[in-house]
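Chemist: Sharing a structure below in structure tokens format, with a few things to ask.
Nothing in this text is a laboratory measurement; each read-out follows from the coordinates by a stated rule. Remember, predicted model here, so these are calculated numbers, not experimental data. Neighbour counts are summed over all protein chains in view; Cβ atoms, including those assigned to glycine, are modelled from backbone coordinates with ideal geometry.
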Amino acid sequence: MFKHIIDNDIELRLVNVQYAEEIFKSIDSSRKHLRKYLPWVDTTKSAIDTRAFIDNSKRQYAENKGFDAGIWYKGEFAGVIGFHNINPSIKGISIGYWLNERFVGKGIMTKACRVFVDYAFNTLELNRVEIRCAEDNFKSGAIPERLGFTKEGIIRDGELLCDGYVNSLVYGILKREWK
Ligand SMILES: CC(C)(COP(=O)(O)OP(=O)(O)OC[C@H]1O[C@@H](n2cnc3c(N)ncnc32)[C@H](O)[C@@H]1OP(=O)(O)O)[C@@H](O)C(=O)NCCC(=O)NCCS
């Protein structure tokens, strides 16, 4: 079971049904902030929807296709970080994340992301980690930039968000580049 204490304030725990209500409440209290870049927010209407997300995530974990971890900051649930789109043929994986608005600006996600990249290279023995974000999602793009990822390109209309298509930026880092 993935559980990782990052420092005195931040802890990562594999998502589990026992957290469904807590995670849903966090999404519900931060809808305006989250929905701009996360199209699933509007369709997350109750803890039942969050439970479906958790069930799906646990299925992925059981099939070695990735997993999601909740982030706790000073004992409070703050957001989620996850591994998705594992590509065994090139040993690649993607990371996605979100934080409740109250927890933005503290460096939490950069620290969580560093742990995930380490895990991808050193535990999962992968070769490439990718992060995609909307072209104007500067706070999201700043995370791979802080961690030394390369901005590799743009996928035109790479994401369909609530307000329509947007271009995605692709950031990548390879095992040999990770220190
Ligand atoms: C994307 C998202 C997670 C970024 O959150 P964030 O708080 O900016 O990211 P971090 O937790 O890494 O914190 C970085 C901020 O904390 C500051 N910070 C404080 N201590 C820090 C530390 N020790 N290390 C790094 N940054 C630190 C940084 O300066 C930065 O603040 P700034 O943007 O004012 O310069 C958040 O904006 C979010 O959830 N957005 C909505 C959902 C979303 O867009 N998800 C991504 C879809 S691709």
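Chemist: Residue under question is Asp42, and the condition is that it be exposed (fewer than 15 other Cβ atoms within 10 Å of the Cβ) and either of a type in the set (Val, Ile, Thr) or within 15 Å of the ligand (Cβ to nearest atom) (or both); does it hold?
Modeler: Yes; evaluated as a whole, the condition is true for this residue.
Chemist: Can you name the residue in segment 44-69 that is assigned to a helix (DSSP H, G or I) and of a type in the set (Lys, Arg) and, of all such residues, is nearest to Ser26 (Cα to Cα)?
Modeler: My answer is Arg51.
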